Every structure is written in structure tokens, then in C-alpha cells.
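Engineer: Input: one structure, supplied below.
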Amino acid sequence: MAINYITKDGGIYDQRLVQDAITQDLETRDVKLLENGKSFTLTTISTSGYKQHTRNKGFNAGTYSNDKEVYTMAFDRDIEFYVDSMDVEETNQDLAVARISNTFITEQSAPEVDAYRFSTLATKALDEVGQNKEETLTVDNVYSRLKAEILPVRKYGASNIIVYVSSEVMDLLERSKEFTRNITNQNVGQTALESRITSLDGVVLKEVWDADRFYTEFDFTDGFEPTDEAAEINFLVVVKLAQISVLRHNAIFLFAPGQHTQGDGWLYQNRLYHDTFVKEQQKEGVRVSVKPVVTP
């Protein structure tokens, strides 16, 4: 921990630029948890089909079942910052807890949520034969590869599908040689040329330009870091209905000096309890393309 004490500055901060959380659309509302508060069940109802009718007797007997799958949440995170009141004053309010909270949520909490969801969904897809590709994408194949992975899930409806793509893939798609485009300028004066593709056949494409959160595997010991075995994700196709992302608990506490017993400073606490699951019967709804892993 490095604290720089100063007498006066201009209040200008040099913070790391990170992307806002982009997986909010995956959050599932109104998930009813079991009595222990961390599990929920999904029911799969199945029936047998028609049988040939014979006109000399009654109906054929069918069978049905309702199987239940229990999903248990396990990703429970927290952090605490204690800031001495003199450190707040002697750094000219640099270490005001509100600024620490904002920095933590922006640079750590929101990116980690995305990283966990991306890696969880990608890992599930990698476990399914035929639903993932380790490949190098180029301007010659990126368009057809995206189309090929979207095609099997179009039955869920274009509005229920999101494709998260890396900036590199978005650039390749923008320059793809697999389709032609006409660019015209009909305005007089200053113009802006918008060439970024944001949908494909009605399916939304979301660019993940903060590449640090777009890997298949992370070490969450202290924040989140890609593991040595992690692969960079080219794109991740997600049917929203095929997964469940539960935000179980999010608590933020701020105690002023005198409101706690840990000293005469400020105390900030943040806890986030969430998890992501893929429905077993709809696991084809998550598909991933990853870069080949280069081993040292």
C-alpha cells in the first residue's frame, strides 16, 4: 500500500480506463431460492410421444416425468478498506472513502462480475463437443464463423441472443471480405462515418474492448487474473434463456469514525454474492470461439 502525502494539488486523478459492466442483460430476476438460501431448482418435464391409434380399442398409454436439478451458488466475495482519518486529511482528501469506493466498483467489482460470467459460460461451452472452436479468425472467415455459431440457436429468437465479441473480432468483421458494402456521403459539411457493426441478422453484438475480462479461466484469489492455461475469447454466443445469472446479495457499508471499533478512521465494506449457471437442457445455447493457447 503506497500513500503519497501532499500539501496541495489540483484534484486531477490518473485512473485506469476500464469498460462498464456489460453482462447486466444476463441477470435473471425473481429466482426463488430454497430454504438454505443458496440453492434453487429447475424442473424438466418430459412426456412420451404419440403412438399409432387402433380403432378397436381405447387410447395408448403414455408416460411423463418431472426431473429436478439443484443449482447451488458458491461465488461469495468481499473486501474491506480501513482508511485512517489522518490519511484522508493529509492526502488532501485523495483517500476519501467515497473515492476509494468508486475506484473499487469501477476498476474491480464490475469487471470481475463480467470476467466470472464470461469464463463460466465459456468453460461450459468448451466442455460440450461441437459447441466451441479453437481457431484463428481472419477477414476471410470471421463473418461465416459468426453466422455458423448463431445459426443453431436462432430458434430461440434473435432478441434472446447476445454475442459478445472482442475488439479484434469486431475489427475483422468491420473489414470482412465475405460481404460487400457501399459507403455514401450525402451530407454537406462535417460528417461522421459510423462503420462499427452492432448487430448481425437481428442478433446484438456487444464489443468487449476491455480484454482483461474476456478469458476462459481466471484466478480469483485476489481480484481476478487470467490463469496460464486461459484462452482469449474471440466471441461468446449466449442465449439469455439458456443461462441463469443470480445476484443473491450485494451489501455496501460505510462507517464513519466512532461508528465502529477498529480505530478512528473510516471503514468501508463491500460484499457481493452471485453466480452463473447454464441450464442442462439448453446448454447448446452457449457457444464459444477461442484463440489457440500459445504455450511458453
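Engineer: Hey, which of these cross-link pairs are over 32 Å Cα-Cα: LYS51/LYS147; LYS57/LYS283; LYS32/LYS147; LYS133/LYS177; LYS38/LYS206; LYS51/LYS133?
Structural biologist: Checking Cα-Cα distances, LYS51/LYS147; LYS57/LYS283; LYS32/LYS147; LYS51/LYS133 exceed 32 Å.
Engineer: Sticking with this structure for a sec: What percent of all Cα-Cα pairs in the stretch 193-251 falls in each 5 Å bin, counting up from 0?
Structural biologist: 4, 13, 15, 20, 21, 15, 8, 4, 1
Engineer: In square angstrom, rounded to the nearest 10, how much accessible surface does ASP20 have for a 1.4 Å probe?
Structural biologist: Estimated to the nearest 10 Å², ASP20 gives 120 Å².
Engineer: Given the C-alpha atoms of the stretch 249-296, compute the convex hull and give its volume per residue in Å³.
Structural biologist: That works out to 196 Å³ per residue.
The values are calculated or read from the model by the stated rules, or taken from the named source; none is laboratory data. Everything numeric here is computed off the predicted structure, so don't read it as measured data. In case anyone asks, the SASA skips ligands and DNA or RNA and just uses the protein heavy atoms, side chains included. Shrake-Rupley method; radii C 1.70, N 1.55, O 1.52, S 1.80 Å.
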